[in-house]
Each structure stands twice: as C-alpha cells, then as structure tokens.
Amino acid sequence: GSLTRAFAQQKLTQEDLLKFDAFGNVTLLHVTDIHGQLVPVYFREPTVNIGVGEAKGQPPHVTGADYLTRFGIAPKSAAAYALTDQDFTALAQSYGRIGGLDRLATVIGQVRAERGDKVLLLDGGDTWQGSLGANASKGQDMADCMALLKPDAMTGHWEFTYGEDRVKELIDKLGFSFLALNVRDTEWNEPVFDAFKMFDKGGVKVAVLGQAFPYTPVANPRWMIPKWSFGIREEEVRAQVEKARKAGAQLIVLLSHNGFDVDRKLAARVEGIDVILTGHTHDALPEPVKIGNTLLIASGSHGKFVSRLDLDVQGGVVKGFRYKLIPLFADVIKPDTAMSAAIGKARAPYAKDLARVVGQTESLLYRRGNFNGTFDDLICDALLKERDAEIALSPGFRWGTSVLPGAPITVEDIHNATAITYPQVYRLPMTGERLKEVLEDVADNLFNPDPYYQQGGDMVRCGGLSYAIDVSKPIGSRISDMTLLKTGKPLDPKREYTVAGWASVNEGTQGPPVWELVERYIAAQKTVRVAPNTRVKITGM
Amino acid sequence: AAFSVFGLGTGAQATPETAAAEIAKFAGGKAPVAGKITIELPEIAENGNTVPLAISVDAPMTEDDYVTDVLVLADGNPNPGVATFHFTPLSGKADASTRIRLATTQNIVVTAKTSKGAVYTASKLVKVTIGGCGG
Amino acid sequence: MADAPKIRVPKTAKKGEIVEIKTLMPHIMESGQRKDKDGKTIPRKIINKFVAEFNGKPVFSADMDPAIAANPYLQFNAKVNESGTFKFSWTDDDGTVTTSEQKIEVA
Ligand SMILES: [Mn+2]
Ligand SMILES: [Mn+2]
C-alpha cells in the first residue's frame, strides 16, 4: 500500500543509489536490451533460468531465493525487488516502477560531471524494438531519445527486424558508431559495419569491438536482411582483438549481444579481451563474472539498470576495477527535464492509444522465464479462442513488461508483449510428429550443452498442450508425454492438429496482427485470471 | 515459434561410415592426424542452401613443403562429397572459402594432404534448425 | 551461360605478395536430388570444376559436388612474383567451359 511505498522511498535516495567511490582512469557505462521502453516499467526477473553444460548452476542461472543468498541480498529489500522474482507483487507496490530514459539521463549526466573525459557510454542493442511507439515509428522514437544521451557506440539485434534499408537510414543519422564485427555481406563476404572504434579516455586508448546477435537471421526473419550474414565468428573476434592491440589499444572492450553463456565460452577461448559487456539474455548481475582475465558484465533489460565499471588501466593491463549495477528506481531518481520533454514528444502521437484500458487482470502478468509466463498463457488462450485452434504456439521472447494484479491492462501493456514487425497470427495444420520436432528443435536452441549451438530466446510457449521435458537429454529425446488438453489424449504423431501461432520467420505469413487479437480477447473477458502453469513438467536440471 | 524448411531433398543419406571410406581412399591408406586445419563454419546455419565455409591449413607453402589437396565431406547429406581443393606453391596460402548446401544437422569433415605425404583432418558440427524464437 | 562470372582481383601488388581472389559464377547448381511437381527427379547440372592459372601456371583448382551452393563462390589466394594474367575457367556438366581473364600489375 501507499504507507509501505512512502517508507520504501524514505529509505532509498538518489545519492545512495549513485554512491560510488570513483576508481582508476576509465569509466564504462553500459545499458542494453531496453526494448523500446522510454518510461519506467514493471519487469519481473525470471523464476526459472536453467543453465546446462558448464553454465549449470552458475550465474546468471541462479534465481529467486538462491540468487539472494548467493549475492548476499536481504529479502524484501530494494535490491531483492529489482533483481529477483521474490515477493514481486508486494515489493512492486512498495518500490514502484524502475527505468525510464529520463532517469537514465540523470545518472549519466552525474557520472559524466564527475568523471569528465574518462567516460564511455555503450549501448548493447535491442534498443529500438519492443513497444508500440518503437514499432509504429520503426525505431525512430528510440533513436531520437537515445541520441540525447550521446552514446559512444552501439550494436544490435532486434534493430535488424526493421530491414536493411531502415537500419542503414537510422545508423546514418546516429552520430555515433554502430559496431558489428560479425556481419558480412552474403555476396562477397565483406564486412558490413565497423568492427571496432578506438577512443581516448582518461589517457587510455580504449578499443570497443561490437558483436551483433549472431543468430539474427535464424531467430528472426532472414528475408528482412537477405544480404547480411551473421554468426559468432570466433576467429574474427580473435583477429579483431589482435588488430586492436596492434593499433595500440590498452583496453579491449567487447560490446556484445551474444548472450551470457556464449560470452562465457568466448572469454575462455579468445585471449586479450578485458571486458565483455554482455546482452541479449537480459541477465542482471550485481557483480562481474570473471573468466580468466576477462570481466563479464550483465546489465539487465528494459531500461531497469545502468552498469558503472571503473577501471584502473596501466600499461595496457587492468590493475583493478570497481563495479555497480545501478537500478533506476523511478520514484527515487529525479528525471532529467530535457529527456522527459523528448520522451513526451516521442510518445505524444500514440498517447491516446497507449493509455486506453482494455480490461483488468487479477493475476500478475509477466513473460520472462524459460517456460510459459502468465502473459504468454494469456496470449495462447487468445490464440486458441480467436483463431479456433486446438494448439497455440507463442514465441519465448525474453522481452515484455509485467502487469500487476488488480491493475488495468492497457494497449501499451499488450504492445509491450507483442510489438514486432512480423506480428501475423497464422493458423495451419501440423501433425503431432511435426509439433514434436518443433519443440525438440526449440529446446535444443535453449538447452544444447554447447552455448555456441544455442540461439534465440526461451522455450516456445504452448497453449492447449502439455508436455514433459528432460533438459539434460540430447536433441530428439528431451520432449515426451505431449498431451492435447482438450481431449486428455496423447498427441498422435500422424494426426493433424489446428495450430495458431505468431512471429513466423517465413515471408508472406498471413493473419491478423497478434495485438489486435489479444486486445479483442481481453476486452471480451473484461477481467483476466491466469492460473499458475502446470502444463510443462521439467526434469534433468 | 517460427519455422522454415530447406535442404537438398529427402531420401538416402550419407553416414559417418561412407565419409570415412572416402577419406581412406583420399588418404591412400595413411591414418589422418588431427590438427593443422582451421574450419570456419557457422555453428548454426542461417540458410541450409548456402552455408559459408572457409578452410585454412597451416603449412609453409614452399616448393618442397605445401598442401596439395583438401577434401571436404558432409556426413549427413545425400552424398558426402562437397569439394576437393587443389593447391600449389603459387597459392601462397592453403586457404579456400566457398558456400555449401546442408540438408540437415551434420559434421563437415576436412582432410588435407601435403607434398611431404602428411595427412591431417578436422571436423565441425553445423546445426540446421527449424525453429526460431528471438530474445 | 547468360550471366558472366564476377571476379575480384587486386589491380596491383608488390613482388612476392599474396593476393586474395574472389570469384562468383552465376549457375543454378541443380543437385540431381530435387524432384519436380510430377515427382520426377530433376537431372543434375552443376559446375564440376574450377581452375585458376597465372601466366599459364596452376595456382588453385576445385572439383565440386552438388553440395556446392548455387552461384558457386570461391575465395583463395595467389602469390604473385611478376606482372601477368590470371585465367579462370569453370566447367559445366554439359561440357561448356566458361573462361575469364584478369591482369595484375606487379611492381
Ligand atoms: Mn533483448
Ligand atoms: Mn537480443
């Protein structure tokens, strides 16, 4: 209630949040995976985040109470609220929303005022997509507001889903570097973007190398960027690190959208990277993970956090560091007025739509987690009903904000979970055998013990279907007990089932946009209630 | 979830055994030694119809010591053969790149012979995926 | 052959330099594995051989199988010790040979 909220705010101050004993001669500020969120959000961190292979049980594959224990965080504290799913609803009511580019601007301004020319601000990508405004303006609202922060460089992933022409158009006007050493043209195999940029910060030559999401043309529609080829390209990373060192770099920073486990493996295999600013998997860690001599930083998502890493670099070697993951509590950090005005202007064309209430929710709606989140269950219910299907498939995106129980569901909330450039809801027959193949394939993209063979997001969400998964098994034998809920019978490999889903990577997919359909469904329900999901039985952890 | 299907067609497939037989023939009875070869391939193919492949063999490439032939096989395609590259000292480097077709998830096996009679081998797994759900 | 091959060779090089060469040959590379609408196998028709020579001496060649993608792309290197001419040739299953030449100035 409001009393607890006042109490929470009394205890938290901007000064405390930003308190940092400056250290060394370089400061890196890192934001990533903002996903179109200009204003503060509720975003519940995952309950389930399973690590396999060498990542098993290692951060970021530690969640909930284990996370609090591991990092020495007090239950029900501000940090517990920002970093875990524990007591989420109650703490959200106390501590309020987190994020907003205007709060971010305040923090960046303060650090720059303190550290002057020692500061590098780097954006890990997935910035231009994830909201109604971002989708409607094809990334323009985000690009405009981010430009006011004057980042030094960015890389990308969902940015590419606006297509080659639009990406080039936005990059041309950025005023800073878009770095991606792992993108080549499909005709002559030549680099499309700059691999790295050299900066002089605090008397230190810093090379920032960019790595775009390696599986963009696999996880997202390849037809939108047919002339660009991606990949991890470990050899190229190695070559560019060497090139940067030869060019005199004293500090090597990889601005990466690989995902945490890929970066963990890369750090162990490629010598000479001092810092990897990770992205894509949306992990928020209160301290760096050290692999050999490389520091891995995980700065969360949706604009909730900014990372500050102060480094002491002497003679081309990092002698020491100090780190803080700063949560941007919206009620605590004073918004930057110029940025607030820019955000207001960017949102104005959509303001009426964004605020429109569609229905109410009695349950906490969230997406993040390896398996079905409640928002996905709601989307699956909508797909089943509105497209008269037996089975629904909804992609396991890691982005999408949360809606608190008892709150209205607005058009903005719906788009925060669905805003993509290929939103068509397909309806097609699929055999039981094919459905098994699909689940096996997606499961391997998440649970292959070698992270280089993982791609994409969390597990595909299923409606109308229950199944069991043993994450420790190889591809082809993880999924069992697939059952059609409507009949309670096992899925027949030979029978065709009517399947509704969205976000197909195939060109020419037909159907209504998913947000229209979800809106219609919620409006008809008036109040939605989503029971805890018991349809996926998980073993082998 | 999102799906697309590609490949060389269905039917009989090569196996690691048929690939091994081809390698034995190529190696002329010599047992290949692991090493010296770098294979650049995506871990996961973007498009099974055109997968970029680069091979590089560590060799002096002088008149008296150079890589003569490199055999590239795919052990899960309808036929294992992909290409054989032939080098000379004028090649300068024993490097070659091309683009290949992969019907399914499989190993690409590369075997190299040198003018001194050495035989090297290396392989890399490429996953050909049907689903895609981006984070 | 409707479309001509595309080639990238540097115009100049230093004596003894190793230069990078890229070639692209527009061709369907019909694998012989595909079936048409009536279920009949579409006959194989591929470029099965590529040869690169410099001043008449062999530099690099490739024997290709149907697993080479359409519009066969080959990238390789050449050590150049004198000015001269690269000659490239592509042999089709039907016996057609397409050739192309490119000069390089070595200083
Ligand atoms: Mn993201
Ligand atoms: Mn991403």
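Quick note: the coordinates plus some simple rules give every number you see, no bench work behind them. Every value quoted in this text rests on a predicted model; they were computed, and no experiment measured them. Every residue, glycine as well, gets a Cβ built from its backbone with ideal geometry; the counts of neighbours run over all protein chains shown.
Relative to the Cα centre, the charge distribution of the protein assembly as shown, modelled as +1 at Lys and Arg Cβ and -1 at Asp and Glu Cβ, gives a dipole magnitude of about 680 debye. By how many degrees, 0 to 90 and rounded to 10, does the Cα axis of helix A:514-525 deviate from the longest principal axis of chain A? Here the helix axis deviates by roughly 60 degrees.
Taking a ≥ b ≥ c as the square roots of the eigenvalues of the Cα gyration tensor of the stretch A:307-417, is the shape rounded (a/c under 1.5), prolate (a/b larger than b/c) or oblate? Note, shape of the stretch A:307-417 comes out oblate.
Inter-chain neighbour count for A:214-225: the average number of beta-carbon atoms from partner chains within 10 Å of each residue's beta-carbon is 5.
Across the stretch A:388-541, counting alpha-carbon atoms alone, Rg and Dmax equal 16.2, 45 Å.
Residue ranges C:95-104, C:82-91, B:38-47 sort as B:38-47, C:82-91, C:95-104 when ordered by packing (mean number of other C-beta atoms within 10 Å per residue, highest first).
The angle separating the long axis of helix A:432-447 from the principal Cα axis of greatest extent in chain A is about 20 degrees. Pairs A:Lys173/A:Lys197; A:Lys205/A:Lys246; B:Lys25/B:Lys127; A:Lys246/B:Lys93; A:Lys201/A:Lys265: which are spaced more than 19 Å apart, C-alpha to C-alpha? Beyond 19 Å between Cα atoms: B:Lys25/B:Lys127; A:Lys246/B:Lys93; A:Lys201/A:Lys265. The modelled label-to-label distance for the pair A:Asp331/A:Lys486, using points 7 Å beyond Cα in the direction of Cβ, is 4.6 nm. Length available on full extension from C:Asp93 to C:Lys35: 0.36 nm per residue minus the Cα-Cα distance, which gives 19.0 nm. I need the calculated FRET efficiency for the pair B:Thr104 and A:Gln58, taking r as the beta carbon distance and R₀ as 25 Å, to the nearest 0.05. It comes out at approximately 0.20. Placing +1 on the Cβ of every Lys and Arg and -1 on the Cβ of every Asp and Glu, with no other charges, gives the stretch C:24-66 a dipole of roughly 160 debye about its Cα centre. Please work out whether the stretch A:442-515 counts as rounded, prolate or oblate from its C-alpha gyration tensor, where a ≥ b ≥ c are the square roots of the eigenvalues and a/c under 1.5 means rounded, while otherwise a/b larger than b/c means prolate and anything else oblate? Oblate shape, in that a/c is at least 1.5 and b/c is the bigger or equal ratio.
Sorted on the mean count of surrounding Cβ atoms within 10 Å across their residues, most packed first, peptides B:54-61, A:132-139 read A:132-139, B:54-61. Listed from fewest to most Cβ neighbours within 10 Å, the set A:Met224, A:Met154 follows the order A:Met224, A:Met154. State whether chain A is rounded, prolate or oblate according to the following rule on the C-alpha gyration tensor (a ≥ b ≥ c being the square roots of its eigenvalues): a/c under 1.5 gives rounded; otherwise a/b larger than b/c gives prolate, and the remaining case gives oblate. It comes out prolate by the Cα gyration axes.
Toward the positive end of the charge dipole of chain A, with +1 on the Cβ of Lys and Arg and -1 on the Cβ of Asp and Glu, the farthest Cα among A:Gln110, A:Ser307, A:Phe375 is that of A:Gln110. Evaluate E = 1/(1 + (r/R0)^6) for A:Ala268 and A:Ala74, where r is the Cβ-Cβ distance and R0 equals 51 Å; express this FRET efficiency to the nearest 0.05. For R0 = 51 Å, the calculated efficiency reads 0.95.
Helix B:16-27 and the longest principal axis of the Cα set of chain B meet at an angle near 20°. For the protein assembly as shown, DSSP calls about 75 percent of its internal beta bridges antiparallel. Between the amide H of B:Thr68 and those of B:Lys113, B:Thr114, B:Ser115, distances stay under 5 Å, these residues lying 5 or more places away or on another chain, with hydrogens modeled in the peptide plane.
In chain C, Cα pairs under 8 Å separated by at least six residues give a relative contact order of 32 percent. Residues A:Ser477, A:Ser301, arranged from fewest to most other Cβ atoms within 10 angstrom of their Cβ, appear as A:Ser477, A:Ser301. Amide hydrogen proximity for A:Val313: with H placed 1.01 Å from N in the peptide plane, the residues at 5 or more positions away or on another chain lying under 5 Å are A:Asn25, A:Val26, A:Lys319. Sorting A:210-220, A:246-256, A:482-492 by their mean Cβ neighbour count within 10 Å, with the most densely packed peptide first, gives A:210-220, A:246-256, A:482-492.
Positive end of the dipole of the protein assembly as shown (Cβ unit charges, origin at the Cα centre): among A:Thr361, A:Leu491, A:Ile276, the Cα lying farthest that way belongs to A:Thr361. Taking the alpha carbon gyration tensor of the stretch C:6-106, multiplying each eigenvalue by 5 and rooting it gives semi-axes of 33, 11, 10 Å, largest first.
Dipole of the stretch A:43-154 computed with +1 at Lys/Arg Cβ and -1 at Asp/Glu Cβ about the Cα centre; of A:Thr84, A:Gly72, A:Val119, farthest Cα towards the positive end is A:Gly72. For the stretch A:163-234, a crude dipole built from +1 on the beta carbon of Lys and Arg and -1 on the beta carbon of Asp and Glu, taken about the Cα centre, is about 220 debye to the nearest 20. Partners of C:Lys45 within straight-line reach, counting aspartates and glutamates whose Cα lies under 12 Å from its Cα and excluding those fewer than 8 residues away in the same chain: C:Glu30, C:Asp65, C:Asp92, C:Asp93, C:Asp94.
Shielding value for B:47-55 is 4, the average number of Cβ atoms from other chains within 10 Å of each residue's Cβ. If you take all other residues with their beta carbon under 11 Å from the beta carbon of A:Ala249, and give Lys and Arg +1 and Asp and Glu -1, the sum is +2. Remark: the stretch A:70-120 projects, on average over all directions, an area of 5.1 nm² (convex hull of Cα atoms).
In this structure, A:Glu507 and C:Lys49 have a Cβ-Cβ separation that, at R0 = 35 Å, corresponds to a calculated FRET efficiency of about 0.50.
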